[in-house]
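Chemist: Have a look at this one before I ask anything.
The values are calculated or read from the model by the stated rules, or taken from the named source; none is laboratory data. Note that this is a predicted model, so its numbers are computed, not measured. Methodologically, a virtual Cβ is constructed for each residue, glycine included, from the backbone with ideal geometry; neighbour enumeration extends over all protein chains shown. Just so you know, the surface numbers come from the protein's heavy atoms only, side chains and all, with ligands and any DNA or RNA stripped out. Shrake-Rupley method; radii C 1.70, N 1.55, O 1.52, S 1.80 Å.
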Amino acid sequence: MQEIFNFIIETASAWGYLGIVLLMTLESCFIPFPSEIVMIPAGYLAHKGELDLSLCILSGIFGSILGALINYYLCFFWGRDFILRYGRFFGITEEKFAKFEDFFNKHGEFSTFVCRLLPGIRQYISMPAGLAKMRVINFVIFTAAGSGIWVSILVFLGYFLGENEDLIKEYLHQILLFILLFVLIISLIYIKIKKPFIKEKQ
């Protein structure tokens, strides 16, 4: 882990904000790897004064949007068959894709926001959004909102905890539990608000 951390720090130092954008674009599209290994070192470099804290966050959000748009447009133009044919090389199975598609069809734009907060899911929710041809402006807004929260958390972790791997793991675990609770609460609120509108349509 420390070797990976050092490599990302060196990459971000050399490439600056462009490096963050490129790495987060990859993280957010069909080649998923943990965003923690990009944004936490970026926060650490901001702490050292080598990068600006706000620009690190904005770069992370921008990269997340770019990667999400890649997935979105792959499905928008080429559809489910294309993703299932080639997605298996990146861990996208028919069963997994069906689950994300079903979740998106039930919860639409809201799912685009909340799923950006959930590890292992955030990369894939863009695909059913593209398949459903969700309005691009709405897709970008909800993706940016969810990504903004997650990216900010990681950058601040790196900023305040630096290279302390044990503390980062401890706090990240607690933060993930808090995020799951947050997602659960806002999902319940969303369902409660949505129910009357469903009944009216029926």
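Chemist: So how do 104-112, 64-72, 184-192 stack up, highest first, on mean other-Cβ count within 10 Å?
Modeler: The packing order, highest mean first, is 64-72, 104-112, 184-192.
Chemist: Normalised by the empirical 2.2 N^0.38 Å for globular proteins, what value does the Cα Rg of the stretch 21-84 take? Walk me through the intermediate numbers first.
Modeler: Values: Rg = 14.1 Å, N = 64, 2.2 N^0.38 = 10.7 Å.
In units of the 2.2 N^0.38 Å rule of thumb, it is 1.32.
Chemist: Oh, and also: Which whole-Hz ³J(HN,Hα) couplings does the stretch 139-152 yield from phi under the Karplus relation 6.51 cos²θ - 1.76 cosθ + 1.60, θ = phi - 60°, glycine and proline marked x?
Modeler: My calculation for the stretch 139-152 gives 4, 5, 4, 5, 5, 5, 5, x, 5, x, 5, 5, 4, 4 Hz in order.
Chemist: From the Cα trace of the stretch 29-184, what convex hull volume per residue do you get, rounded to a whole Å³?
Modeler: Numbers: hull volume 16.5 nm³, N = 156.
Given the Cα convex hull of the stretch 29-184, per-residue volume reads 106 Å³.
Chemist: Give me the percent of accessible area attributable to carbon and sulfur for the stretch 66-182, probe 1.4 angstrom.
Modeler: Values: 3880 of 6030 Å².
That fraction is 64 percent.
Chemist: How much accessible area per residue does the stretch 101-158 have, in Å², with a 1.4 Å probe? Kindly include the intermediate steps, with their values, before the conclusion.
Modeler: Working: 1980 Å² over 58 residues.
About 34 Å² of surface per residue is accessible.
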